[in-house]
């Protein structure tokens, strides 16, 4: 999802405004007329309809033995909403629909650490989790905030 107010100089969306839905988020999608198309708590399903990824082996296209991923509308997806038709779920993200999500977070540090923990694996030891948090916080601080610290 793209948060309002984040655009590149050419008017296209910016990664700065990209919002990722997480397990437990309260998510609502609205139609153009304001009616609700979907409202619910996010529960990720990474298995339903998963198909083997394909790779080239000796010049032939073959299915990978273990790597599987879901596809909706001909596009790879990371997950679908549990118990929802994959095609209907995918259609919620086509076009410029308005949406709202609410996330319960205890404190900013714990919330950020939880998000970092659910990111794809990095080539960093687990002991550096706190360091990653500190680095990300320092990047987000404005020059005035950095002077105060």
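Filtered by the rule that a residue be over 15 Å from residue 21 (Cβ atoms) and touching a helix residue (DSSP H, G or I) at 6+ places or on another chain (Cβ under 7 Å), region 71-89 gives a lone residue, 73. Here residue 38 clears all of (1) within 16 Å of the chain's Cα centre (by Cα); (2) surrounded by 15 or more Cβ atoms within 10 Å (Cβ to Cβ); (3) closer than 21 Å to residue 2 by Cα except the condition numbered (1). Out of curiosity, is residue 65 more than 20 Å from residue 25 (Cα to Cα) and loosely packed, with under 10 Cβ neighbours inside 10 Å? For residue 65, the condition - more than 20 Å from residue 25 (Cα to Cα) and loosely packed, with under 10 Cβ neighbours inside 10 Å - is met. For region 4-17, the condition holds for at least one residue, the condition being that it is touching a helix residue (DSSP H, G or I) at 6+ places or on another chain (Cβ under 9 Å), in the same structural domain as residue 68 (by TED's automatic domain parsing), closer than 11 Å to residue 98 by Cα and assigned to a loop (DSSP other than H, G, I, E, B).
The values are calculated or read from the model by the stated rules, or taken from the named source; none is laboratory data. From a predicted model like this one, the values you see are computed outputs, not experimental measurements. Cβ: placed from backbone, ideal geometry, glycine included. Neighbour counts: every protein chain shown.
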